[in-house]
Amino acid sequence: VALPPARPSTRPRESPAHARASALRVVAPDMLVAAAPDLLVATPGLLIAAAPAALTSTADELAGSLFGASLLPWLAMLYWLKHPKVAAPEGVCFGLTFLLAFVFGSIPAAIGAGALYGASLADADWLHGAAESLLAATNCVVVLGFRDALAGRDDAGRLRFAAAAWTGFALVSCGAVLATAGDLSTAAHVPWLGGVGGLPSGPAEPANALSIPTWIIHTSSLVEWLPPPG
């Protein structure tokens, strides 16, 4: 039996706003209809509030990926620097190789910050400062390696000793926090090196503000490259 053709609907199409209001009336006519304007206004605000956290998470994931991807080109550069045809100064080669101490020191520090505090490495000052100090030590060794080579005295032995001494110092500074923090799970914002150099009083700072020693380490990572021209 053939069915009669369906008659076209004469009901006008609802706009998206009317459709949302209809859905609210079906779910809870007495409560949600009155609250619908507030919900519709609040939703963009919630999206705006969530946007920075989403961007931060994406940036952290991207930084981690780039950090790992940069390792292979660096190893290739070290290989060619040590090639007999290049014959780069021994002190410079050691300094650039020592950067791997910063890389492999930052990885467990970042894992520890996430496991202990659920935070990024930048928010755990004592771990952040100790790990970042290995980068500052690397820069110093590279700069001194170039200066020694220009002066005709390529003494890599003293640079190795200095780098090993600084690595030991960074580990001891972390060990001091581990030994004195008590409840380590609440020691996220313990200042590195006790926050030496900080002002005794002043305006209130965020809980995750960097301590003076950690700021110095960050600044020195750039300033250390200024002496070679002199």
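The values are calculated or read from the model by the stated rules, or taken from the named source; none is laboratory data. Computed from a predicted structure; not experimentally measured. Quick reminder, even Gly has a Cβ in these numbers, built from the backbone with ideal geometry, and neighbours come from all protein chains shown. Surface areas here come from the heavy atoms of the whole protein model, side chains and all, with no ligands, DNA or RNA. Shrake-Rupley method; radii C 1.70, N 1.55, O 1.52, S 1.80 Å.
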> Taking the mean number of other Cβ atoms within 10 Å as a proxy for protection, how do you rank 156-165, 97-106, 132-141 from highest to lowest?
Replying inline: 132-141, 97-106, 156-165
> At q = 0.15, 0.18, 0.19, 0.20 Å⁻¹, what is the log10 ratio I(q)/I(0) for region 57-162, with the Debye formula run over Cα points and no solvent?
Replying inline: -0.71, -0.91, -0.97, -1.02
> Carbon and sulfur atoms: what percent of the 1.4 Å accessible area of region 98-195 do they account for?
Replying inline: 70
> If you look at just the Cα atoms of region 118-160, how large are its Rg and its Dmax in Å?
Replying inline: 15.1, 50
> If you count, for each residue, the other Cβ atoms within 10 Å and average over each peptide, how do 142-149, 80-87 line up from highest to lowest?
Replying inline: 142-149, 80-87
> What net charge is computed for the residues neighbouring residue 210, neighbours being all others with C-beta under 14 Å from the C-beta of residue 210, Lys and Arg scored +1, Asp and Glu -1?
Replying inline: -4
> In nm², what is the average projected area of the convex hull enclosing the Cα atoms of region 138-222?
Replying inline: 7.3
> In whole Å, how far is the Cα centre of region 128-173 from that of region 68-86?
Replying inline: 19
